[in-house]
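K.L.:
If you scroll down you'll find the structure; I have some questions about it.
The values are calculated or read from the model by the stated rules, or taken from the named source; none is laboratory data. Everything numeric here is computed off the predicted structure, so don't read it as measured data. Positions of Cβ are backbone-derived with ideal geometry, glycine not excepted, and every protein chain shown enters the neighbour counts.
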Amino acid sequence: MKLRGRVAVKLGDNIDTDIIYPGRYLNITDREKTPEHLFELAYPDIRTRLKPGDIIVAGKNFGCGSSREQATAAVKFAGVGAVVAVSFARIFYRNSINLGLPLVTSREAPAQLEEGDEIEIDLTGGSVRKLPGGAVLAAAPLDARAVELLNAGGLIPYLRKKYA
Amino acid sequence: MGMTLAEKILARASGCDRVAPDQVVVANIDLAMSHENADLVRKSFKDIGVRRVWDPDKIVIILDHRVPAESEKTAATHKAIREFVREQGIRNFYDVGRGGICHQVLAENGHVKPGMVVVGTDSHTTTHGAFGAFAAGIGATEMAGVWTEGRLWFKVPSTIRILVSGELRPWISAKDLILYIIGQLGADGADYRSVEFDGPVIRAMSIASRMVLANLSMEMGAKVAFTPVDEIAPDPDAAYERVLAIDATEALQEPQIACPHTVDNVRPLPAVGNVPVDQAVLGSCTNGRLEDLEIAARILGGRRVHERTRLIVIPASQRIYLEAMRLGYLQTLIEAGAMINPPGCGPCVGVHQGILAAGEVCISSTNRNFIGRMGSKDSQVFLASPAVVAASAIAGKIAHPEEVIE
């Protein structure tokens, strides 16, 4: 399972869910509308720069804080292809698998990547590579359950198929 | 080799004799809690296409984030939830004026019991480890899966055991202890882990104070957190990833403050310096309980909130509100110049009832100080104990209770 994209933005450690999606907009339950408020308070320029398939790179503990699924939805429906970070907070990680947003955990890749880099990610093999011809940077391969859910398009389509 | 509390509970709930860290298990869910985001869960549930929830008696829904409705949009959300609750026969529904903050309401109505697996669509669901439950926050779509199947996969967490000895000095509380620990371990110091608190300081604490520890463990990434209960205990030979020993007398000489904009940016109060405050907030699922209102009333009794500061007090539940009224705490607080908000999350989540303007500073007994958490991105939130919040309201700046009480 491979994907390619451009590193649109590189962020630091502990990017919390209030930074990703402010609490005041939690009464928006239409997922497609959530990108309007992506990074709105702290980094309002990011959402205007994002193009479909772009990659977000971050440090450790990306998505810490609230369980709000809108944080994942805003990233996904802004068209982001994947988030590459040193580590992810656990609820954000689960939300992302459930909504079908690929997350890539890599200790070494974030430090090596810069905004504007074109990269190729091997989700199942567990690697990140700068294009063209960059070194292979190790990442944690997605586990079987995450791959199954991503292939299904997320938890809702997965369960719909199972129970319908 | 024995098992930790998290391992014991997940083994029981998944029908295994024993489980070990990193193993993935599918556990039966004993209790599934949601607040306003039940509307988002409901939408995902409808998208799955199943007609009935797996067990209406294991679902609890409590409105707290925007009560009473602050906008027409929220009013429509509340209405949709009421209709869904009726349609599905969910009896454990706490509407406006019947409950309060979800974690307090869940606890005080006896929904949580030792050994249960509890999931909630709120990150501070870790609170219920104070009752010996494996209690974890999840997202809305995942909850729709729980409503469908009544079970969920978990990776068995490794456990950090934190043993606290010594004693808490005067004016030092559970809030100071957990802020200190978060400062030491960092915002990701317990990521994906279970945290077990024990030791004489913990065992001497009230239930309300133990809830503070379990609640705020989330702010160092914990999946679940426990304080000791009589009904279930870790095995004496359980394997821990790490054991941390803290002498509270030594470590906590001063109240602890989490400075903007991360919860692990913790300093002892004297190191924070002269910080004038525009607003002081006493409330939330972290510190809006009776003992919190009591200590605030004790400090504010016969004194006045500083003229440049506004004090907002939010009892965590209707029951606490009533009890604080009976005991005279509310009268004391009102006479001191406090505004009492209705039970709910209020300004903690930045929606209503005390939003901060650009340039304003707030001292708060709540749980997060992220950028823009309580209003403007250019406002600042300092997190502290209820005693420090009350003292700061009087001083008009961040202050130790000893500075305002002679």
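K.L.:
Take the residues in segment A:10-43 that are assigned to a helix (DSSP H, G or I) and not charged (D, E, K, R), then tell me which one is surrounded by the most Cβ atoms within 10 Å (Cβ to Cβ). It would help to see each step written out before you state the result.
P.N.:
Pass one, segment A:10-43, residues assigned to a helix (DSSP H, G or I): A:17-20, A:23-25, A:31-37.
Among the residues that remain, those that are also not charged (D, E, K, R) are: A:17, A:19-20, A:23, A:25, A:34-35, A:37.
Details: A:T17: 27, A:I19: 26, A:I20: 30, A:G23: 23, A:Y25: 18, A:T34: 25, A:P35: 21, A:H37: 19.
Only one residue tops the list, namely A:I20.
K.L.:
Show the residue pairs meeting these rules: Cβ distance below 6 Å; 6+ apart or different chains; first residue within segment B:162-189 and closer than 13 Å to B:E219 by Cβ; second residue outside any helix (DSSP H, G or I) and of a type in the set (K, R).
P.N.:
B:D188/A:K60
K.L.:
Filter segment A:72-93 down to the residues that are of a type in the set (V, I, T) and within 11 Å of chain B (Cβ to nearest Cβ) and list them by number. Talk me through it step by step, then tell me what you get.
P.N.:
From segment A:72-93, those of a type in the set (V, I, T) are A:72, A:75, A:80, A:83-84, A:86, A:91; that's our starting set.
Across segment A:72-93, the qualifying residues are A:T72, A:V86, A:I91.
K.L.:
Can you work out which of the residues in segment A:94-118 that are part of a loop (DSSP other than H, G, I, E, B), away from chain B (no Cβ under 14 Å) and more than 22 Å from B:F154 (Cβ to Cβ) is nearest to the chain's Cα centre (by Cα)? Working first, answer last.
P.N.:
From segment A:94-118, those part of a loop (DSSP other than H, G, I, E, B) are A:100-102, A:106-108, A:113-117; that's our starting set.
If we keep only those that are away from chain B (no Cβ under 14 Å) too, we end up with A:102, A:106, A:108, A:113-117.
So of that shortlist, the ones also more than 22 Å from B:F154 (Cβ to Cβ) come out as A:106, A:108, A:113-117.
Details: A:S106: 13, A:E108: 17, A:L113: 15, A:E114: 16, A:E115: 16, A:G116: 17, A:D117: 17 Å.
Looking at the filtered set, the residue picked out is A:S106.
K.L.:
Let me ask another. Enumerate the helices (runs of 4 or more DSSP H) found wholly within segment B:1-89, keeping only those where 1 or more residues are in contact with a helix residue (DSSP H, G or I) (Cβ under 6 Å, 6 or more places away or on another chain).
P.N.:
Working: elements: B:5-14, B:38-48, B:72-88.
In segment B:1-89, the matching helices (runs of 4 or more DSSP H) lie at B:38-48, B:72-88.
K.L.:
Tell me which residues, restricted to segment B:90-110, are part of a loop (DSSP other than H, G, I, E, B) and without any contact (Cβ under 8 Å) to a residue 60 or more places away in the chain.
P.N.:
Pass one, segment B:90-110, residues part of a loop (DSSP other than H, G, I, E, B): B:90-92, B:95-99, B:101, B:109-110.
The answer is B:I90, B:R91, B:N92, B:D95, B:V96, B:N109, B:G110.
K.L.:
Go through (1) farther than 26 Å from A:R31 by Cβ; (2) surrounded by fewer than 16 Cβ atoms within 10 Å (Cβ to Cβ); (3) acidic (D, E) one by one and return the number of the condition A:D143 breaks.
P.N.:
(1)
K.L.:
Output yes when any residue across segment A:57-71 is within 11 Å of another protein chain (Cβ to nearest Cβ), under 10 Å from the mean Cα position of the chain (by Cα) and not in a helix (DSSP H, G or I), and no when none is.
P.N.:
Taking every residue of segment A:57-71 in turn, at least one turns out to be within 11 Å of another protein chain (Cβ to nearest Cβ), under 10 Å from the mean Cα position of the chain (by Cα) and not in a helix (DSSP H, G or I).
K.L.:
All but one of (1) at pLDDT 95 or above; (2) aliphatic (A, V, I, L, M); (3) surrounded by fewer than 19 Cβ atoms within 10 Å (Cβ to Cβ) hold for A:A135; state the number of the condition that does not hold.
P.N.:
Looking at each condition in turn, A:A135 falls short on (1).
K.L.:
Checking the structure you have, find out if any residue of segment B:380-397 is within 11 Å of chain A (Cβ to nearest Cβ) and surrounded by fewer than 20 Cβ atoms within 10 Å (Cβ to Cβ). Show your work before the answer.
P.N.:
Quick first cut of segment B:380-397, residues within 11 Å of chain A (Cβ to nearest Cβ) only: B:381.
Add one more test, that the residue is surrounded by fewer than 20 Cβ atoms within 10 Å (Cβ to Cβ), and what stays is none.
No, segment B:380-397 contains no residue that is within 11 Å of chain A (Cβ to nearest Cβ) and surrounded by fewer than 20 Cβ atoms within 10 Å (Cβ to Cβ).
K.L.:
Same structure again: Just for helices (runs of 4 or more DSSP H) wholly inside segment B:137-236: which have at least 3 residues that are more than 22 Å from B:R289 (Cα to Cα) and in contact with an Asp or Glu (Cβ under 8 Å, 6 or more places away or on another chain)? Walk me through it before giving the result.
P.N.:
Numbers: elements: B:140-149, B:174-185, B:200-203, B:207-216.
Output list reads B:140-149.
K.L.:
Are there any pairs with C-beta distances below 6 angstrom linking a residue in segment A:71-94 that is under 15 Å from A:P52 (Cβ atoms) to a residue that is aromatic (F, W, Y) and modelled with pLDDT of 95 or more, with the two at least 6 apart or on different chains, and if so which?
P.N.:
Taking only residues 6 or more apart or on different chains, the pairs are A:A74/A:Y21.
K.L.:
Can you pull out the residues in segment A:119-156 that are closer than 17 Å to A:Y93 by Cα and away from every other protein chain (no Cβ under 14 Å)?
P.N.:
A:L123, A:T124, A:G126, A:A139, A:P141, A:N151
K.L.:
Still on this model: Mind listing whichever residues of segment B:10-21 are out of contact with any Pro (no Cβ under 9 Å at 6 or more places or on another chain) and under 19 Å from B:A225 (Cβ atoms)? So that I can check it myself, show each step before the final result.
P.N.:
Quick first cut of segment B:10-21, residues out of contact with any Pro (no Cβ under 9 Å at 6 or more places or on another chain) only: B:11-20.
Matches in segment B:10-21: B:A11, B:R12, B:A13, B:V19.
K.L.:
Can you list the helices (runs of 4 or more DSSP H) lying wholly within segment B:316-406 that have 2 or more residues being over 17 Å from the mean Cα position of the chain (by Cα) and without any contact (Cβ under 8 Å) to a residue 60 or more places away in the chain?
P.N.:
Values: elements: B:318-326, B:329-336, B:386-395, B:401-404.
Per the criteria, B:318-326, B:329-336.
K.L.:
Does B:D176 qualify as being buried (at least 24 other Cβ atoms within 10 Å of the Cβ), under 30 Å from B:P401 (Cβ atoms) and modelled with pLDDT of 95 or more? Lay out the reasoning, then the answer.
P.N.:
Working: buried (at least 24 other Cβ atoms within 10 Å of the Cβ): yes; under 30 Å from B:P401 (Cβ atoms): yes; modelled with pLDDT of 95 or more: yes.
Considered against the rule, which asks whether it is buried (at least 24 other Cβ atoms within 10 Å of the Cβ), under 30 Å from B:P401 (Cβ atoms) and modelled with pLDDT of 95 or more, B:D176 comes out as yes.
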